[in-house]
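Inspection log for the structure reproduced underneath, given as structure tokens.
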Amino acid sequence: MQIIIVGCGKVGSALAAKLSNEDHNITVIDTNAERVRHLTDLYDVMGICGNGTDYQILERADIQNTDLIIAVTYSDEVNLLCCVLAKRASACRTIARVRNPIYSTGRDYIRRELGLAMTINPEHAAAREIVHLLRFPTAMGINSFSKGHIEMFRFRVPDQSPLIGCAVKDSKILQKDGLICIAEHGDKIVIPDGNYVISKNDKLSVILSPKNAMAFISAVGLKTETVKNTMIVGCGEMGYYLSKMLINIGIQVKIIERDRDRCELLAEHLPKAQIICGDGSDEDLLREEGLDEMDSLVACTGIDEENIILSLYAKNKIHTKVITKMSRLEFNDVIRSLDLDSVINPKAITTESILQYVRAMANSYDSNVETLYKIMDDRVEALEFVIHHNSAITHLPFEELKIKKNTIIAGIYRQNKLIIPDGQSYFIPGDSVIVVTTNTGFDNIGDILENKVAL
């Protein structure tokens, strides 16, 4: 596809890197010539220095033949205007990043009236992710497939778990309720077969039905209770959205914010939250405010280093869950080595959400990938395919298929039911199929085979 990205900040740069590697024709536009030059030097993209709301700049970017424009500058108004102009100039689809809370209540109206394909608020999207984690606090991460009917839970194997020392094929728990599709043993990532032996502190990703999640979590030795209260340290826009969501589902919220004016504004808009004006990095203050009595903590100040230090300090004091907000997209190896509980990055969530839309859009052109997650720092792909009526591999038992190494068929969603596959399982038209692999470049279900077959 031909795609224009307006704004070369962290999100725009990450999108340019990923989409250019997925064989799209990318043009980036930014008023900062250095940023444009940096991206054109690193990636196979065309760069234009200018303002995305300038029609002449859009013409230079070949807006008339563009399939999609993504506006992710730091200004909501610039993003919206850029999309409106692009829509008037061509039949392209448009995506705008819209962050200001002023637009939050009318976001659907704005999207509909301006003809936008998608709007995304990074802080709001990150808050939703955090709520999901607090409802399933033992999960390190959760990815959804088949419109939420299938989920991939990532968790650390706890002490005394019945899974420890057990081969995957011998686990009654796994045979009944879920399937391990990724195992992380130290720095090593494995797509496990039935002979893989689970070790203490392994990080496992398991395909589950949401309705079976609680039973599975309990069976493997993890705590199942959701949090009853949370402490939020630093309450910018993400903290505000998060507080509202948590209060609405009955979770008690205590906010520590150092800016007095911000505290007064929060007190006005969040009357059910307990708001403390103070420095969340002050150990004495945290002790006085009952850190040891909290079920969960969300460190979401505007400084990554402060969030990391606070999370490491709170890790052995909080009962259930510690979540760390990160703004940087770099230094993943360093962050992973710190062994934090759960890390949330609004910019990464924004990037991934837009990529999901682009991949779904590409599906209508030349592939049948419905959903694609690049996880474990892009070392693993989890894909969802829909089996078409003309597929050449329907009704063939999996044991007869020569599936590529480091690839696993992790789940089948058929007639509103999750099927955990075995050697006798097979595809039928209409199935949604989850495939997890360390290989890359799968466009259709036939790519999972050693000898690709036509669909």
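The values are calculated or read from the model by the stated rules, or taken from the named source; none is laboratory data. For clarity, every value in this text was computed on a predicted model and none was experimentally measured. For neighbour counting, all protein chains shown are included, and Cβ atoms are generated from backbone atoms with ideal geometry for every residue, glycine included.
Of everything in segment 4-22, what is in a helix (DSSP H, G or I) and either in contact (Cβ under 8 Å) with a residue 40 or more places away in the chain or touching a Lys or Arg at 6+ places or on another chain (Cβ under 8 Å) (or both)? Give them in sequence order.
Listed by number, the residues that qualify are Lys10, Val11, Gly12, Ser13, Ala14, Leu15, Lys18, Leu19.
Which one of these does Arg336 not meet: (1) surrounded by 15 or more Cβ atoms within 10 Å (Cβ to Cβ); (2) out of contact with any strand residue (DSSP E or B) (no Cβ under 8 Å at 6 or more places or on another chain); (3) not aliphatic (A, V, I, L, M)?
Condition (1) is where Arg336 drops out.
What is the residue count in segment 146-189 for residues that are surrounded by fewer than 12 Cβ atoms within 10 Å (Cβ to Cβ) and touching a strand residue (DSSP E or B) at 6+ places or on another chain (Cβ under 8 Å)?
1
Keeping to segment 103-120, report how many residues are of a type outside the set (Gly, Ala, Ser), more than 21 Å from Ile249 (Cα to Cα) and outside any helix (DSSP H, G or I).
Adding up the residues that qualify gives 4.
So which strands (runs of 3 or more DSSP E) are wholly in segment 295-391 and hold at least 3 residues that are under 21 Å from Leu134 (Cβ atoms)?
296-299, 321-325, 342-344
Here is a list: Asn51, Asn100. Which entry is closer than 19 Å to Pro346 by Cβ and either aliphatic (A, V, I, L, M) or in contact with a helix residue (DSSP H, G or I) (Cβ under 8 Å, 6 or more places away or on another chain) (or both)?
Answer to the check: Asn100.
When segment 215-237 is examined, which residues are found to be acidic (Asp, Glu) and either in a loop (DSSP other than H, G, I, E, B) or in contact with a Gly (Cβ under 7 Å, 6 or more places away or on another chain) (or both)?
Correct list: Glu225 only.
Only one of these is under 26 Å from Asn406 (Cα atoms) and β-branched (Val, Ile, Thr): Ile173, Ile130. Name it.
Every option except Ile173 fails the conditions.
How many residues does segment 427-438 contain that are in a loop (DSSP other than H, G, I, E, B), of a type in the set (A, V, I, L, M) and under 17 Å from Lys404 (Cα atoms)?
Qualifying residue count for the region: 0.
So is Asn212 assigned to a helix (DSSP H, G or I) and in contact with a helix residue (DSSP H, G or I) (Cβ under 8 Å, 6 or more places away or on another chain) or not?
yes
Name the single residue, out of those in segment 251-294 being buried (at least 19 other Cβ atoms within 10 Å of the Cβ) and assigned to a helix (DSSP H, G or I), that is farthest from the chain's Cα centre (by Cα).
The selected residue is Leu286.
Condition check ((1) in the same structural domain as Met214 (by TED's automatic domain parsing); (2) within 30 Å of Glu225 (Cα to Cα); (3) of a type in the set (D, E, K, R)) across all residues:
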{"residue": "Ala61", "(1), (2), (3)": "no, no, no"}
{"residue": "Ile69", "(1), (2), (3)": "no, no, no"}
{"residue": "Asp76", "(1), (2), (3)": "no, no, yes"}
{"residue": "Cys82", "(1), (2), (3)": "no, no, no"}
{"residue": "Lys87", "(1), (2), (3)": "no, no, yes"}
{"residue": "Thr105", "(1), (2), (3)": "no, no, no"}
{"residue": "Glu129", "(1), (2), (3)": "no, yes, yes"}
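Every residue in segment 191-205 that is of a type in the set (A, V, I, L, M) and crowded, with 19+ Cβ neighbours inside 10 Å, please.
Within segment 191-205, Ile191, Ile198, Leu204 qualify.
Just a yes or no: is a residue in segment 415-426 crowded, with 20+ Cβ neighbours inside 10 Å, assigned to a strand (DSSP E or B) and either at pLDDT below 90 or of a type outside the set (Phe, Trp, Tyr) (or both)?
yes
Filter segment 52-83 down to residues that are out of contact with any strand residue (DSSP E or B) (no Cβ under 7 Å at 6 or more places or on another chain), among the polar types (S, T, N, Q) and in contact (Cβ under 8 Å) with a residue 24 or more places away in the chain, then give me how many there are.
Qualifying residue count for the region: 2.
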